[in-house]
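Each remark here refers to the structure printed beneath this line.
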Amino acid sequence: MPEWYSHPFFLLLPTAFFTLAIFSFLYKDNPMFKLAEHVFAGLSAGYYFGLIWQSVIRQQVWMPLTQDGQWSVLIPGVLGLLMFARFFPRIGWTTRLPLAFVIGSTAGIMFIQQLHGMVLPQVGRTLLPLDSLRNILIIVGVLTTLIYFYFSKPHTGTLGWIASVGIGFIMVAFGAHFGYTVMARVSLLIGRVQFLLVDWLGVAR
Amino acid sequence: MKSRLPVLVAFISGALMILAFFGRGTVVDAVSDRALTWQTIVGGFSLLLGAVSIARVHWKKVATKHEDRLYSLCLLICFIVMGGSGVINGIGSGTLFDTLFQRIQAPMMSTMFSVLAFFIASAAYRAFRARSVSSAILLVAAVLVMLGRIPMGQYIYHGLPSWADWIMTVPSMAVQRGILIGAALGAASMSLRIILGIERTYLGRG
Amino acid sequence: MHGTAAMDVSGKSFWERLQSVDRRILYTLIFASVIIPILWPLHLPTPVTPESRAFFNAVDSLPSGSVVLFPFDFWPSTLPETEPMAVAGLRHCFRKNLRVVGLSNVGMGGPSIADRLLDSIGSEFHKTYGVDYVNLGYKANYSAVLLGMGSKIADIYPADHRGTRLDSIPLMRQVPNYDSVKFVLIVSDNAMTDYWVALVNARYGLPMVAGVTAIMAPKMLSYIQSHQLLGLLGGMKGAAEYEQLIDHSDKASRGMDAQSLIHFLIIAFIILGNFGFFMLRREQSQKGQN
């Protein structure tokens with residue numbers, strides 16, 4: 001292999017090309033961006049196909065069936081295949097069976113998870129002693145937020161006053177969240193510019 | 001039959017998961033363990049369905065000579081190369097599948113999301129206005145957090161990082177918890193509606 | 001938007017022009033504020049938050065040889081934020097001689113990213129695959145995966161990401177379920193942390209810490225206060241703090257100067273936008289009075 005070819009500039013050229021093709025959207029929509037968009041969608045669908053083939057069909061169905069003689073894996077295997085029944089109108093309704101199985105059992109897990117793992121510990125940790133301004137603010141913040149969001153009764157009178165305290169808290173939280181969202185999006189941009197300047201062009205360290 | 005059977009399946013599988021929580025080490029627990037494994041298998045097929053559906057849509061575009069057929073063809077080639085190499089050569093390190101992912105797909109996805117930095121900055125300039133007391137509170141909190149969370153913030157005023165810490169751990173945390181508790185109660189009630197067959201929209205029409 | 005320049009000469013006031021400045025000017029300023037600090041960095045130290053210090057302390061206090069479950073629950077879209085956290089986490093674990101069981105509940109790229117990072121950081125510390133670390137890969141339906149592993153990991157993962165059967169991997173022979181796991185170090189950019197907390201911490205009592213994207217961080221502070229999470233890294237800043245704590249500066253630390261400058265720029269945008277808005281409103285009300 002010629003020496004120039006192993007230089008990061010050439011090795012990373014395809015990555016840089018598609019990075020710049022996507023950034024070109026900032027100027028305006030163009031064929032390069034559209035090409036990048038379709039390459040991305042194709043690779044993503046292909047990724048799922050390869051991944052599920054290897055990690056589910058091969059590892060979870062084929063291997064247990066052929067190596068361990070676990071015939072019971074045919075049940076989820078057939079249920080999984082029924083997902084594709086939607087492509088055949090006559091048996092299309094059978095696609096509901098695997099859906100019902102997955103959604104029903106996930107709902108069962110969620111029911112316990114939300115109450116046991118979320119509501120109980122979170123409510124428990126809100127029952128703080130009223131011995132500091134911090135604790136009082138946390139309790140008031142949690143209660144007024146719940147009241148603002150979850151009481152559909154018109155927010156007038158005492159409820160209106162409580163809800164307006166809730167709005168104050170919510171605005172502070174949303175402001176903080178905005179700050180963090182800016183931080184997140186900017187980080188992603190920094191990462192890509194680092195790639196272009198440091199990894200690809202090598203003009204910075 | 002077409003809707004009763006799926007509702008019955010949802011009820012049995014949902015109730016099994018709830019009972020297993022209370023009956024650790026019992027037969028119900030053992031049955032639910034098997035059901036959990038099956039769930040991961042069936043869930044995998046649903047992802048496969050998604051991938052195949054995308055390919056179908058674009059195949060139709062190519063077959064019907066849609067004006068974007070060249071882009072669709074490009075998508076299909078990428079799908080076949082990526083998916084085919086994953087099936088034939090595997091998905092581990094050093095395979096074509098892995099190289100295409102690491103070199104092309106992952107950077108593209110990062111770049112797509114990084115573009116949002118421009119949009120959020122533009123929105124900050126054009127739409128983030130202190131039109132009322134509420135929006136002024138939001139704006140001040142945002143600025144304090146943004147300044148308090150960068151290395152340069154402490155050089156502007158040494159107390160800024162601790163102000164940002166306070167905003168995050170007291171009022172913001174309290175609101176997040178309120179939302180969390182409310183959302184969890186909502187999700188629990190929705191789960192119960194699905195298990196009891198009251199909520200059936202996931203079955204679709206017909 | 002494209003016709004802004006033409007409209008400028010058609011009698012618009014300064015404040016009106018300021019309100020409708022071409023987006024591409026804003027975009028150029030943003031690009032510049034990211035590029036300049038990367039080319040000429042200042043290397044300012046990042047103040048460490050109590051949550052990041054708690055994260056470091058929790059990992060640091062684990063006895064040598066402990067098994068750490070390491071979910072790479074993030075999409076490639078957030079790699080600039082999450083990868084530095086995962087890299088620093090792996091360096092910390094391997095330096096402490098902890099054994100790492102990697103996995104991912106994000107189908108799109110999660111297992112491949114886990115493979116790359118585990119191999120590259122593993123080789124940095126001369127660790128052996130299958131003995132010191134392993135990558136279980138991906139299985140669909142995260143809630144079932146998380147619960148199923150509590151009974152028997154091999155039921156959910158008959159083989160690792162590379163297709164090797166679990167019973168022929170030395171490390172996994174010693175880790176049949178959560179009973180053999182000492183700790184969970186989550187790196188995530190989505191609701192997976194909630195599931196780890198509400199399913200695994202609540203049901204099996206496994207202690208855990210999380211490195212999450214900045215967008216997720218405000219919500220996670222609830223779990224810190226409720227002690228469901230022992231420590232938290234928030235976004236690139238959290239990763240930079242962790243790099244500082246493990247004394248290995250890397251990509252996140254290098255990105256923090258750009259983060260500083262662009263935050264200033266966005267704050268300047270907010271101030272300028274509001275100032276222009278109020279001046280325009282005053283101008284319009286004065287015109288109305290005349």
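Straight-line reach from C:Lys182: taking Cα to Cα under 21 Å and skipping same-chain neighbours fewer than 8 places apart, the lysines in range are C:Lys96, C:Lys127, C:Lys152.
A cut-off under 13 angstrom between Cβ atoms defines the neighbours of A:His177, and their net charge, with Lys, Arg +1 and Asp, Glu -1, is +3. In the protein assembly as shown, the DSSP beta bridges split such that about 5 percent are antiparallel, to the nearest 5. Sorted from longest to shortest, the spans of the Cα atoms of the protein assembly as shown along the three principal axes equal 87, 72, 59 Å.
For the range C:50-249, the alpha-carbon coordinates run over 41, 35, 33 Å along the three principal axes, in decreasing order. Label-to-label distance, A:Arg90 versus C:Arg24, with points set 7 angstrom from Cα along the beta-carbon direction: 5.9 nm.
Label points 7 Å out from Cα along the Cβ direction at C:Ser180 and B:Lys65: separation in nm? Rounded to a tenth, the inter-label distance reads 6.3 nm.
Once C-alpha pairs closer than 8 Å and six or more residues apart are averaged by separation and normalised to the residue number of chain B, the relative contact order reads 20 percent. Of the residues C:Phe14, C:Phe269, C:Phe94, the one that moves most in a GNM of chain C with alpha-carbon contacts below 10 Å is C:Phe14.
In terms of surrounding Cβ atoms within a 10 Å radius of their Cβ, B:Leu185, A:Leu201 rank from fewest to most as A:Leu201, B:Leu185. Comparing mean-square fluctuations of B:Ala184, B:Ala20, B:Ala63 from a GNM of chain B with C-alpha springs under 10 Å, the top value falls on B:Ala63. Of the trypsin sites (Lys or Arg not before Pro) found in the range B:73-138, the ones in coil according to DSSP and having at most 13 other Cβ atoms within 10 Å of their Cβ are B:Arg131.
Select from A:Ser24, A:Ser187, A:Ser132 the residue whose mean-square fluctuation is largest in a Gaussian network model of chain A (Cα-Cα springs shorter than 10 Å). Maximum fluctuation in the GNM of chain A, among the listed residues, is at A:Ser132. Length, then width, then depth: along the principal axes, the Cα atoms of the range A:130-205 run 64, 33, 14 Å. Along the range C:53-69 the Karplus relation, 6.51 cos²θ - 1.76 cosθ + 1.60 evaluated at θ = phi - 60°, assigns HN-Hα couplings of 5, 5, 4, 4, 4, 5, 6, 5, 8, 6, x, 4, x, 4, 8, 10, 7 Hz to successive residues, with x for each Gly and Pro.
Within the range B:4-115, the percentage of alpha carbon pairs spaced more than 25 angstrom apart rounds to 50%. So what's the net charge close to B:Val143: Lys and Arg +1, Asp and Glu -1, counting the other residues with Cβ under 14 Å from its Cβ? Around B:Val143, the charge tally is +2.
Scaling the Cα radius of gyration of chain A by the globular reference 2.2 N^0.38 Å produces a ratio of 1.63. Counting only DSSP beta bridges with both residues in the range C:50-249, tell me the antiparallel percent, nearest 5. Just about 5 percent of them are antiparallel. Given R0 = 35 Å, the distance between the Cβ atoms of A:Leu26 and C:Ser13 translates into a calculated FRET efficiency of 0.80. From least to most packed, judged by other beta carbons within 10 angstrom and beginning with the fewest, C:Tyr195, C:Tyr27, C:Tyr223 follow the order C:Tyr27, C:Tyr195, C:Tyr223.
Annotation: aspartates and glutamates with alpha-carbon distance below 19 angstrom to B:Lys61 (same-chain offsets under eight excluded): A:Glu37. Modelled label positions at C:Leu272 and C:Ser123, each set 7 Å beyond Cα in the direction of Cβ, lie 4.7 nm from each other. In summary, the lysines within cross-link reach of C:Lys287, defined as a Cα separation below 20 angstrom excluding same-chain residues under 8 places away, comprise C:Lys12. Count Lys and Arg as plus one, Asp and Glu as minus one, and take only other residues whose Cβ is under 10 Å from that of C:Ala239; the net charge is then -3.
Across the range B:128-195, the fraction of Cα-Cα pairs farther apart than 20 Å, rounded to a whole number, is 50%. Once the Cβ-Cβ distance between C:Arg281 and A:Leu13 is put in as r, and R0 is 35 Å, what FRET efficiency do you end up with, to the nearest 0.05? E between C:Arg281 and A:Leu13, to the nearest 0.05, is 0.10. Helix-only arithmetic for chain C: the sum of -39500 (n - 2.57) across DSSP H runs with n ≥ 4, divided by the residue total, places the mean residue ellipticity at 222 nm at -16000 deg cm²/dmol.
As a calculated quantity, the FRET efficiency between B:Arg129 and C:His227 at R0 = 41 Å, using C-beta atoms, amounts to about 0.55. Cut-off is 10 Å between beta-carbons; in what order do A:Met171, C:Met85 appear when sorted fewest neighbours first? With the sparsest Cβ surroundings first, the list reads A:Met171, C:Met85.
For C:Leu229, the residues whose amide H sits under 5 Å from its own are C:Ile224, ignoring neighbours fewer than 5 places away on the same chain, with H placed 1.01 Å from N. Pairs over the 29 Å Cα-Cα cut-off, from the set C:Lys139/C:Lys219; A:Lys34/C:Lys139; B:Lys65/C:Lys139: A:Lys34/C:Lys139; B:Lys65/C:Lys139. Looking at the range C:9-79, the trypsin sites (Lys or Arg not before Pro) that sit in a DSSP loop and have at most 15 other Cβ atoms within 10 Å of their own Cβ are C:Lys12. Debye-formula intensities of the range A:9-81, expressed as log10 I(q)/I(0) at q = 0.17, 0.19, 0.20, 0.24 Å⁻¹, are -0.71, -0.78, -0.83, -1.03 (one equal scatterer per alpha-carbon, no solvent).
Computed from the coordinates by the stated procedures, all read-outs in this text should not be read as laboratory data. Quick caveat, the model's predicted, so the values are computed rather than measured. Cβ coordinates were reconstructed from backbone atoms using ideal geometry, including for glycine residues, and neighbour counts include every protein chain displayed.
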